[in-house]
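Asker: A single structure is presented below for examination.
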Amino acid sequence: MNLSMQGWQDILKKSITRADDIPGYFGSDVSGIDRAAQVFPMRINPYYLGLIRKKDDPLWKQAVPSLEELQDDVCFEDPLNEENLSPVPNLIHKYPDRVLFLVSSQCAMYCRFCTRKRKVGTDRMVITRETVAEGIDYIRSHPEIRDVLISGGDPLLLTDERLDEILSAVRAIPSVEIIRIGTRVPCTLPMRITVRLARLLKKFHPLYINTHFNHPAEITPEAAQACTRLADAGIPLGCQTVLLRGVNDDSLVMRELMHRLLRIRVRPYYLFQGDMTRGTNHFRTSIATGKEIMKSLIGYTSGLAVPMYALDAPGGGGKIPLMPDYVSEDGERLIFTNYRGKTCFYESVR
Ligand SMILES: *Cc1c(COP(=O)(O)O)cnc(C)c1O
Ligand code: SF4
């Protein structure tokens with residue numbers, strides 16, 4: 001049956017979870033895939049599986065476990081120190097005016113590079129009606145919180161009914177100005193963005209969605225339709241891409257991704273340097289690589305297509321911009337190099 005004829009929950013149920021289920025795959029590293037999947041869960045739904053063209057392509061790398069995940073002795077379980085920055089379970093309060101509120105432990109696919117790999121999709125991530133209620137109480141009793149970022153896991157894997165309850169409770173708090181949802185389903189399971197869901201989300205404006213695409217091949221007609229539905233519901237869409245070795249650490253691939261995002265009405269927001277998350281070391285690139293990619297975008301394409309390159313500081317210090325440097329100082333004089341390498345000067349105001 002055609003995927004577009006099925007409900008998203010039925011598609012999700014048909015996800016594969018072991019190497020043997022990968023169609024036509026009899027590689028020698030089957031046991032490596034399964035060993036990694038026992039530590040960090042595997043879930044590839046039929047939609048995303050259908051986008052993988054061959055072994056080790058950029059989509060395969062994001063979805064299929066690898067033995068390298070078990071060979072990482074450099075990185076840390078909780079590199080952003082989220083557990084210690086949680087005043088109540090599943091709510092991270094590290095900036096003065098906003099919180100990250102985790103309301104789902106499930107995702108439509110378990111990305112191999114996930115920052116919350118230590119717990120997402122496992123029984124180590126305990127989210128219950130009680131933890132969500134505690135989070136809402138915390139937000140209510142901290143009126144300095146004006147921006148609530150609802151994430152997980154993937155919050156859009158909750159049912160419409162549950163999502164409605166949570167969003168209504170957050171929206172009822174007078175000090176909450178904006179609600180943001182962080183979700184990868186427009187990329188990994190676009191069928192989840194139903195007409196009904198878009199209609200539901202529309203009730204909670206001002207509501208923003210940040211989604212997460214990493215490669216141009218993820219921008220499909222289905223993804224475009226999902227984003228159109230959200231954008232037509234008046235929801236501004238941003239993208240939080242992760243810089244990943246072997247996936248998008250290339251100027252042409254990145255530019256193509258940014259352009260295709262704009263065409264489906266998604267504005268690039270962040271390009272993240274890979275976190276130092278245990279099990280993901282093989283995905284990390286140098287910061288010099290990231291800066292070169294940024295230099296290849298800035299000036300050569302519209303500012304709209306240029307995300308902010310940032311590092312989420314280990315230990316929980318917050319996001320640090322890593323933009324390439326175009327300015328140096330010579331006394332009162334500022335010396336600039338433009339995107340093409342041409343030098344110009346600007347006299348500072350005394
Ligand atoms: C990233 C993040 C936010 C949101 O940061 P913005 O720069 O405003 O997008 C909020 N809280 C936590 C804990 C975060 O990691
Ligand atoms: S969708 Fe997000 S939270 Fe879920 S596994 Fe992927 S990166 Fe992690």
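Asker: List pairs: first residue in region 257-282 and in contact (Cβ under 8 Å) with a residue 60 or more places away in the chain and farther than 25 Å from Glu222 by Cβ, second residue in a loop (DSSP other than H, G, I, E, B) and among the β-branched types (Val, Ile, Thr) anywhere in the structure, Cβ distance under 6 angstrom, at least six positions apart or on different chains.
Answerer: Close Cβ pairs (under 6 Å, with a partner that is in a loop (DSSP other than H, G, I, E, B) and among the β-branched types (Val, Ile, Thr)) amount to Asp275/Thr115; Thr277/Thr115; Asn281/Val74.
Asker: Inspect region 72-84 for any residue being more than 13 Å from ligand 2 (Cβ to nearest atom) and in a helix (DSSP H, G or I) and give the result as yes or no.
Answerer: no
Asker: Any residue in region 118-144 that is farther than 14 Å from Leu100 by Cβ sitting within a Cβ distance under 7 Å of a residue that is aromatic (Phe, Trp, Tyr)? List the pairs, counting only those 6 or more apart or interchain.
Answerer: That search, which allows pairs on different chains as well, returns Gly121/Tyr110.
Asker: So the check is Cβ under 7 Å with 6+ separation or different chains; which pairs have a first residue in region 163-190 that's under 28 Å from Ile219 (Cα atoms) and a second one that's in a helix (DSSP H, G or I) and acidic (Asp, Glu)?
Answerer: Partner pairs satisfying both residue conditions: Cys187/Glu218; Pro190/Glu222.
Asker: Name the strands (runs of 3 or more DSSP E) wholly inside region 243-350 in which the number of residues that are among the hydroxyl-bearing types (Ser, Thr, Tyr) is 2 or more.
Answerer: Correct list: 267-272, 343-347.
Asker: Look through region 17-37, keep the residues that are part of a helix (DSSP H, G or I) and of a type in the set (D, E, K, R), and return whichever of them is surrounded by the fewest Cβ atoms within 10 Å (Cβ to Cβ).
Answerer: Of everything passing the filter in region 17-37, Asp20 is surrounded by the fewest Cβ atoms within 10 Å (Cβ to Cβ).
Asker: Taking the condition of being basic (Lys, Arg) and surrounded by 14 or more Cβ atoms within 10 Å (Cβ to Cβ), how many residues in region 310-350 meet it?
Answerer: Selection size over region 310-350: 1.
Asker: Can I ask one more? Which of (1) in contact (Cβ under 8 Å) with a residue 24 or more places away in the chain; (2) farther than 30 Å from Ala226 by Cα; (3) over 18 Å from the mean Cα position of the chain (by Cα) is the odd one out, the single condition Glu347 does not satisfy?
Answerer: So the condition that Glu347 fails would be (1).
Asker: Within region 312-334, is even one residue touching a helix residue (DSSP H, G or I) at 6+ places or on another chain (Cβ under 7 Å), touching a residue at least 24 places away in the same chain (Cβ under 8 Å) and more than 19 Å from Tyr270 (Cβ to Cβ)?
Answerer: No, every residue in region 312-334 fails to be touching a helix residue (DSSP H, G or I) at 6+ places or on another chain (Cβ under 7 Å), touching a residue at least 24 places away in the same chain (Cβ under 8 Å) and more than 19 Å from Tyr270 (Cβ to Cβ).
Asker: Just one of the numbered conditions (1) among the hydroxyl-bearing types (Ser, Thr, Tyr); (2) touching a Ser or Thr at 6+ places or on another chain (Cβ under 6 Å); (3) within 30 Å of Arg140 (Cα to Cα) is not true of Tyr48; which one?
Answerer: (3)
Asker: Moving to a separate point now. Mind checking which residues of region 206-218 are under 15 Å from the mean Cα position of the chain (by Cα) and part of a loop (DSSP other than H, G, I, E, B)?
Answerer: His212, Phe213, Asn214, His215
Residue-wise test of (1) surrounded by 15 or more Cβ atoms within 10 Å (Cβ to Cβ); (2) among the hydrophobic types (A, V, I, L, M, F, W, C).
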residue	(1), (2)
Met125	yes, yes
Arg129	no, no
Ile145	yes, yes
Glu177	no, no
Arg180	yes, no
Arg184	yes, no
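Asker: Tell me yes or no: at least one residue of region 61-73 is closer than 30 Å to Leu158 by Cβ, within 16 Å of ligand 1 (Cβ to nearest atom), touching a residue at least 12 places away in the same chain (Cβ under 8 Å) and of a type in the set (Lys, Arg).
Answerer: Scanning region 61-73 turns up no residue that is closer than 30 Å to Leu158 by Cβ, within 16 Å of ligand 1 (Cβ to nearest atom), touching a residue at least 12 places away in the same chain (Cβ under 8 Å) and of a type in the set (Lys, Arg).
Asker: Mind telling me which of the residues Ile193, Ile179, Ile219 ends up being touching a helix residue (DSSP H, G or I) at 6+ places or on another chain (Cβ under 9 Å), among the hydrophobic types (A, V, I, L, M, F, W, C) and under 16 Å from Thr241 (Cα atoms)?
Answerer: Answer to the selection: Ile219.
Asker: Taking region 78-121 as the region of interest, how many residues are more than 12 Å from ligand 1 (Cβ to nearest atom), aliphatic (A, V, I, L, M) and touching a Leu at 6+ places or on another chain (Cβ under 8 Å)?
Answerer: 3
Asker: Ok, one more. Within region 217-233, work out how many residues are more than 17 Å from Tyr269 (Cβ to Cβ), in contact (Cβ under 8 Å) with a residue 12 or more places away in the chain and more than 16 Å from ligand 2 (Cβ to nearest atom).
Answerer: Going through region 217-233 one residue at a time, the tally reaches 9.
None of the figures in this text is laboratory data; all of them are computed from the coordinates on show. What you see is a predicted model; the values in this text were computed from it and never measured. So basically every Cβ, Gly included, is an ideal-geometry build from the backbone, and we count neighbours across all protein chains shown.
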